[in-house]
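The values are calculated or read from the model by the stated rules, or taken from the named source; none is laboratory data. Note that the structure is predicted; figures quoted are calculated from it, not measured. With ideal geometry, Cβ positions are generated from the backbone for all residues, glycine too; neighbour counts draw on all protein chains shown.
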Amino acid sequence: MNEQTKNDRAGWLRGPQAECSVLPSETKSPWRLVLLGAPGVGKGTQADLLHERLGACHLSTGDVFRAMGSQDSCEQTPAMKAALEHMRRGALVPDSTVWELVRERSGCIRCGGGFILDGFPRTLAQAEALKGHMESESLALSAVVNYELPLAEIVTRLSGRRTCEKCKSVFHVTRRPPREEGMCDHCGERLLQREDDRPQSIAVRLEAYERSTAPLIQFYSHLGLLVSVLAAGSPNEICDNTITALDARTSSEDRLH
Ligand code: AMP
């Protein structure tokens, strides 16, 4: 997929009043995926790779909050400001705020190109809201991919992560260091540590994951949608394993029908 055919996800990142530069091509059976996994397992990287391979858009609620955070503070509503404060601390944004944001963008959920949800749903209430909404639109999830990784590895990944303040490319201080320390290889801008990748916030995020998000594994397993993938190896290897697991699930579904 080249830059011209890459969707800028404007309808998702900026809301329903914005139009996407390139609409994904509609297919007979678009992929509608949810990615689960603790913070730091690499859901965002996998969502980008899966977007390239499957065509469906990468829809991250975290990206929407970060886009709002870079707006002028006078453009931010009180609910947005409160959400950004939760985010800085590593805490979950309240369900009502998150659901309002997703419901406003329901065109992306209906989009004929499909979607890859990353970071949503994160609580049972959000999962129920998505399920009810999709049922009312006669849409179904294709699968829910759960990325698994030991806790110690997650902490190493999060604490060493550095992100370019301009192009948002992601590096790691030891695992994927930039050519010049603190500078982005792609655009030369400064690399920063995300506020919520600092040690105090990491602890809050992991606790929120265990308490609120991990129960979704059982929720989706009961619905027969769960596919587990080990998030170890290179990003491309993990993506290959994801596609293999999704193909295996799709062919066993075909055999059942
Ligand atoms: P992420 O980029 O997915 O790690 O999200 C960054 C932060 O945004 C999280 O730590 C939360 O503060 C907030 N956030 C993103 N998605 C959600 C969600 N579905 N529910 C609650 N908070 C969220």
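Looking across GLY44, GLY37, GLY90, one residue alone is within 11 Å of the ligand (Cβ to nearest atom), at pLDDT 90 or above and either surrounded by fewer than 20 Cβ atoms within 10 Å (Cβ to Cβ) or more than 28 Å from ALA245 (Cα to Cα) (or both). It is GLY44.
In region 47-75, the qualifying residues are those that are closer than 20 Å to LYS28 by Cα, assigned to a helix (DSSP H, G or I) and under 15 Å from the mean Cα position of the chain (by Cα), and the one that is farthest from the ligand (Cβ to nearest atom) is GLU52. Taking first residues from region 119-138 that are over 17 Å from GLY224 (Cβ atoms) and partners that are among the charged types (D, E, K, R) and within 10 Å of the ligand (Cβ to nearest atom), the Cβ contacts under 7 Å between residues at least 6 apart in sequence or on separate chains come to GLY119/LYS43; THR123/ASP95; ALA125/ASP95; GLN126/ASP95. Within region 74-99, residues that are within 20 Å of GLN193 (Cα to Cα) have Cβ atoms under 7 Å from residues that are more than 9 Å from the ligand (Cβ to nearest atom) in these pairs: LEU84/MET68; LEU84/GLY69; ARG88/GLU195; GLY90/ILE202, counting only partners at least 6 apart in sequence or on another chain. Within the set PRO121, PRO94, the sole residue that is touching a Leu at 6+ places or on another chain (Cβ under 8 Å) and of a type outside the set (D, E, K, R) turns out to be PRO121.
Take region 116-126 and flag every residue that is farther than 14 Å from PHE65 by Cα and either near the ligand (Cβ under 10 Å from one of its atoms) or of a type in the set (S, T, N, Q) (or both). Listed by number, the residues that qualify are LEU117, PRO121, ARG122, THR123, ALA125, GLN126. If you go through region 217-257 and pick out every residue that is without any contact (Cβ under 8 Å) to a residue 60 or more places away in the chain and not in a loop (DSSP other than H, G, I, E, B), you end up with 15.
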